[in-house]
């Protein structure tokens, strides 16, 4: 385990980032509600971003509570859903069409 005072500095930083990320998540939720209210459809981009932001908040919380010593982003990759990774690696866009079909 690294020096406790260095960890304390990281904890202060991640506490602030954690709070900011929570407010951004609330904002995304309100925007998604408005999108659904007016279009009757969820915005997949907002759903995916909300999921990854929620996972980031979870990772930061785990670090803050000493559940793990692993620091979240930017010290490791931003959380991404596995199906999103598979879609991107197979050449599919978020709409389910290949990149050639969208051009």
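Here are the numbers for the structure shown:
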{"quantity": "The stretch 1-46, subset under 24 Å from residue 64 (Cα atoms) and not in a helix (DSSP H, G or I), residue modelled with the lowest pLDDT", "calculated": "1"}
{"quantity": "The listed residue being outside any helix (DSSP H, G or I) and surrounded by 11 or more Cβ atoms within 10 Å (Cβ to Cβ), out of 63, 73, 49", "calculated": "73"}
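Yes/no matrix, rows are residues, columns are (1) within 18 Å of residue 17 (Cα to Cα); (2) touching a helix residue (DSSP H, G or I) at 6+ places or on another chain (Cβ under 8 Å); (3) modelled with pLDDT of 80 or more:
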position	(1), (2), (3)
60	yes, yes, yes
63	yes, yes, yes
70	yes, yes, yes
78	yes, yes, yes
83	no, no, no
89	no, no, no
95	no, yes, no
98	no, no, no
101	no, no, no
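The values are calculated or read from the model by the stated rules, or taken from the named source; none is laboratory data. Only a predicted model underlies this, so the values are computations on that prediction, with no experimental measurement involved. As a convention, Cβ positions derive from the backbone with ideal geometry for all residues, glycine included, and neighbour counts pool all protein chains shown.
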